[in-house]
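Peer 1: First, the structure itself, so that you have it in front of you.
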Amino acid sequence: MPRLHDQLAGDAGEVRYSVRGGIDPLDRPHLALEVNGGVKLLCARCAKPLDYALALRTRVLMAQPGAAPQDDEDPESPEWIEAGQELNLQALVEDEILLGLPLSVRHAQGQCSSETQEAFGKKAADSPFARLAALLEPGQTNKR
């Protein structure tokens, strides 16, 4: 899955998926896709790897080539794919994983490396806004 590999922090992790076909209540063929596992992504705050759990479930309706309904603006409308004689399941699974990844992922508060937190802390204390806030605090007698 080359497109997914570009989003990861390394090769570590495991992804399991299952695909089941069926017919929905309106007699339309569909695929039920489940993806579970964990991958390593880069933290947007400290750029260190972090574990990200995947738990995705989706249902995709299938249509003959050229017979898929026009794009609907309703976010609740079902997703359609055109399926001919062959369907590339690896590409379908990769698409669903990519759509399920967050745009920006970060460690929990206080979990990033100490160097990064110290650098941010020093910048915040030296900022003009921090000095202004100190001047506006009640009981502050130091007027620079």
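Bear in mind that the values in this text are calculations on the coordinates, not laboratory data. Everything numeric in this text was worked out from a predicted model, so none of it was measured. Positions of Cβ are backbone-derived with ideal geometry, glycine not excepted, and every protein chain shown enters the neighbour counts.
Peer 1: How much net charge surrounds MET62 when only the other residues with a Cβ under 15 Å from the Cβ of MET62 are counted, with Lys and Arg +1 and Asp and Glu -1? Spell out each step's value before the answer.
Peer 2: Numbers: positive: ARG20, ARG28, ARG59; negative: ASP24, ASP27, GLU79, GLU82, GLU86, ASP95, GLU96.
Spelling it out: positives minus negatives among the neighbours equals -4.
Peer 1: Hey, how many Å between the Cα centroid of segment 94-114 and the Cα centroid of segment 15-69?
Peer 2: 17 Å
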